[in-house]
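Just below is one structure, and these are the notes that go with it.
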Amino acid sequence: MELSAVEIARRVNAGENSAREVTDAVLAQIDVVDDRLGAYLTRLHDLARVSAGRVDARIRAGEHLPLAGVPVAVKDNMCLAGTRTTCGSKMLEGWVAPYTATAVARLLDAGAVPVGKANMDEFAMGSSCENSALGQTRNPYDLERVPGGSSGGSAAAVAAYEAAIGMGSDTGGSIREPAAFCNLVGFKPTYGRVSRYGLIAFASSLDQIGPLARSVEDAALAYDVMAGKDPMDSTSVDRPVEPAATALRSDLRGVRVGIVKEFGTQGLGPEIDSLYRRAYLDLEKLGATLVDVELPTADYGLATYYLIAPAECSSNLARFDGVRYGLRVDGEDVGRMYERTRAEGFGPEVKRRILIGTYALSSGYYDAYYVKAQKARTMFGADFKRAFERCDLIASPAASSPAFAFHAKSDPYSMYMMDYYTIPMSLAGLPALSVPCGYVLPEGSSRPMPMGLQLAAPLFGEAQLLAAANAYECATQHARQQRPEGAL
Ligand code: GLN
């Protein structure tokens, strides 16, 4: 169950292990730890065994499959035909997907085995998984802490050896932040790189699917399979995918790494500040040149995102009205039926976003809020373009703190602040990832909690980004220094 995706695929292709053996080991781990961790909303033991059997038959027939037998956790906002797809919401609690998302289908065609549908913040809105209406997920490094979000179930599953690869979606940080909290690599590709077909929409101009993994190499392997044009998603980009898994590097010679002046790290406290300083020095030791870059708009990221994302969500979630999808609560007339369905089906954070978004789009306020936010968004793209004239990659914290305790961020604003470092890249559509960079001891705790270094690249710079992250990971090996005690 602890094998890497690369090693599983190698062994299964070579006939050293069957996909069925690997699958049984991981399903057994799920049975042992998941009642405690709650990474999965739906376990797919039967489907997993059938899929593994099919993979073994294909291998016996002489096929080579890049992800042969690799167990995957699928975030529960991605459709997988015939399985429950809930988005962590009461609205879709009983909804069974009639088709399979393209990104999921590509992994399965390549030999991956789906072992479960993973918990998430309701409709991907949140940074801790606490907004799930259907279950609580715990952090495998400290069961009293959150796994991050919104892809927290996928992150916990991979960290706890309940899958080798997790599929996440990232709108403002939902792959990178849980990866940082769970000592994983979490990779958000360029907007449009991976098809969104079959991903239940939150904010369509920002949503992007990507992998969570225990190493850069594993993330690159999964990314190579899921990326590429899909005729079913008009925003997916028709541009050849530069393979990443075969282009990984072990040094950073000739790479200019930008450190964003406005980001600073001093506000994060001395321990976290020195952790990131050390990380930047490690990049330098590998041959990188550090340069200061400016991102004058940095402090407007949250304000911009928290108008655009709710605006798009208020439109996307209008379809959940009791008529076609999921929950229906009857009323005297159709209006009362809509009202009751939405009142009972959505949780408080989703309602808050719909309210904010509807307000920002309403006539009279549209120009003041929505249009202004769109203009600010354009400035993020321009700022990054200027910054990337001076550097090849940008390094920063992935999150401002390690995983926090349950209920520690009960006011929405402090939860939104968790996205400070990840949102600018989302607004500009850039590829970005989080890679483990060490541990800090949270106040009053004796358990060291992992932290993540965020690296971002220019549009479509995925291969260079993963190559650099691999060099850093191989030289530092931070993830290996602690075990996820809660999963053992
Ligand atoms: N935490 C952010 C939010 O709540 C980002 C979520 C995401 O990327 N899906 O919107």
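Here are some residues: E16, E7. Which one is part of a loop (DSSP other than H, G, I, E, B) and modelled with pLDDT of 95 or more? Working first, answer last.
Values: E7 fails: part of a loop (DSSP other than H, G, I, E, B).
It is E16.
Results for (1) under 22 Å from A479 (Cα atoms); (2) buried (at least 17 other Cβ atoms within 10 Å of the Cβ); (3) in contact (Cβ under 8 Å) with a residue 40 or more places away in the chain, shown as yes or no for each residue.
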{"site": "T23", "(1), (2), (3)": "no, yes, yes"}
{"site": "D31", "(1), (2), (3)": "no, no, no"}
{"site": "R43", "(1), (2), (3)": "no, yes, yes"}
{"site": "A73", "(1), (2), (3)": "yes, yes, yes"}
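Go through the range 164-215 residue by residue and tally those that are under 11 Å from the mean Cα position of the chain (by Cα), closer than 18 Å to L459 by Cα, away from the ligand (no atom under 12 Å from the Cβ) and part of a loop (DSSP other than H, G, I, E, B).
Matching residues across the range 164-215 total 1.
Of the residues G429, G452, only one is small (G, A, S) and surrounded by fewer than 24 Cβ atoms within 10 Å (Cβ to Cβ); which? I'd like the intermediate steps shown before the answer.
Numbers: G452 fails: surrounded by fewer than 24 Cβ atoms within 10 Å (Cβ to Cβ).
That would be G429, the only listed residue that is small (G, A, S) and surrounded by fewer than 24 Cβ atoms within 10 Å (Cβ to Cβ).
Search the range 113-163 for residues being of a type in the set (A, V, I, L, M), within 16 Å of the ligand (Cβ to nearest atom) and part of a loop (DSSP other than H, G, I, E, B), and hand back the single one that is farthest from E93 (Cα to Cα).
V146
Could you list, in sequence order, all residues of the range 436-482 that are assigned to a helix (DSSP H, G or I) and either among the hydroxyl-bearing types (S, T, Y) or closer than 21 Å to C182 by Cβ (or both)?
First, the residues of the range 436-482 that are assigned to a helix (DSSP H, G or I): 462-476, 478-481.
Selection gives L465, L466, A469, N470, Y472, E473, C474, T476, H478, A479, R480, Q481.
Look through the range 359-369, keep the residues that are out of contact with any helix residue (DSSP H, G or I) (no Cβ under 7 Å at 6 or more places or on another chain) and part of a helix (DSSP H, G or I), and return whichever of them is nearest to the ligand (Cβ to nearest atom). Steps first, answer last, please.
The first filter runs over the range 359-369 and keeps only residues out of contact with any helix residue (DSSP H, G or I) (no Cβ under 7 Å at 6 or more places or on another chain), leaving 359, 362-364, 366-368.
Okay, now just the ones that are also part of a helix (DSSP H, G or I), so 359, 366-368.
Numbers: Y359: 17, Y366: 21, D367: 24, A368: 22 Å.
Among them, the one singled out is Y359.
So, in the range 401-421, exactly how many residues are within 13 Å of the ligand (Cβ to nearest atom) and crowded, with 18+ Cβ neighbours inside 10 Å? So that I can check it myself, show each step before the final result.
Filtering the range 401-421 down to residues within 13 Å of the ligand (Cβ to nearest atom) leaves 409, 412-421.
Narrowing the set further to residues that are crowded, with 18+ Cβ neighbours inside 10 Å leaves 409, 415-416, 418-421.
Total meeting the criteria: 7.
If you go through the range 382-391 one residue at a time, do you hit one that is under 17 Å from G172 (Cα atoms) and surrounded by 21 or more Cβ atoms within 10 Å (Cβ to Cβ)? Give the steps one after another, and end with the answer.
First, the residues of the range 382-391 that are under 17 Å from G172 (Cα atoms): 384.
Now restrict to residues that are surrounded by 21 or more Cβ atoms within 10 Å (Cβ to Cβ): 384.
The answer is yes; a qualifying residue exists.
Of the residues that sit in the range 370-399 and are among the β-branched types (V, I, T) and part of a helix (DSSP H, G or I), which one is nearest to the chain's Cα centre (by Cα)? Quick ask: steps written out before the conclusion?
Residues of the range 370-399 that are among the β-branched types (V, I, T), as a first pass: 371, 378, 394.
Going one step further and asking which of them are part of a helix (DSSP H, G or I), we end up with 371, 378.
On the way: V371: 28, T378: 24 Å.
In this case the residue turns out to be T378.
Can you give me the number of residues within the range 400-430 that are within 16 Å of the chain's Cα centre (by Cα) and in a loop (DSSP other than H, G, I, E, B)?
6
Which helices (runs of 4 or more DSSP H) sit wholly inside the range 270-358 and have at least 1 residues that are within 16 Å of the ligand (Cβ to nearest atom)? Lay out the reasoning, then the answer.
Numbers: elements: 270-285, 301-316, 334-345.
Once the helices (runs of 4 or more DSSP H) in the range 270-358 are filtered for at least 1 residues that are within 16 Å of the ligand (Cβ to nearest atom), what remains is 301-316.
Among (1) among the hydrophobic types (A, V, I, L, M, F, W, C); (2) under 24 Å from R176 (Cβ atoms); (3) assigned to a helix (DSSP H, G or I), where does L80 come up short?
If we test L80 against (1) among the hydrophobic types (A, V, I, L, M, F, W, C); (2) under 24 Å from R176 (Cβ atoms); (3) assigned to a helix (DSSP H, G or I), just (3) comes out false.
For the range 22-52, how many residues meet the condition of being of a type in the set (S, T, N, Q) and farther than 21 Å from Q136 by Cα? Before you say what the answer is, go through the steps one by one.
First, pick out the residues of the range 22-52 that are of a type in the set (S, T, N, Q): 23, 29, 42, 51.
From what's left, farther than 21 Å from Q136 by Cα: 23, 51.
The number of residues fulfilling the criteria is 2.
In this structure, does L92 turn out to be buried (at least 21 other Cβ atoms within 10 Å of the Cβ), under 20 Å from L317 (Cα atoms) and of a type outside the set (K, R)?
On the way: buried (at least 21 other Cβ atoms within 10 Å of the Cβ): yes; under 20 Å from L317 (Cα atoms): yes; of a type outside the set (K, R): yes.
So L92 fits the description; yes.
The values are calculated or read from the model by the stated rules, or taken from the named source; none is laboratory data. This structure is a prediction, so every number in the text was calculated from the model and none was measured. Because the Cβ atoms are built from the backbone with ideal geometry, glycine has one as well, and the counts that use them run over all protein chains shown.
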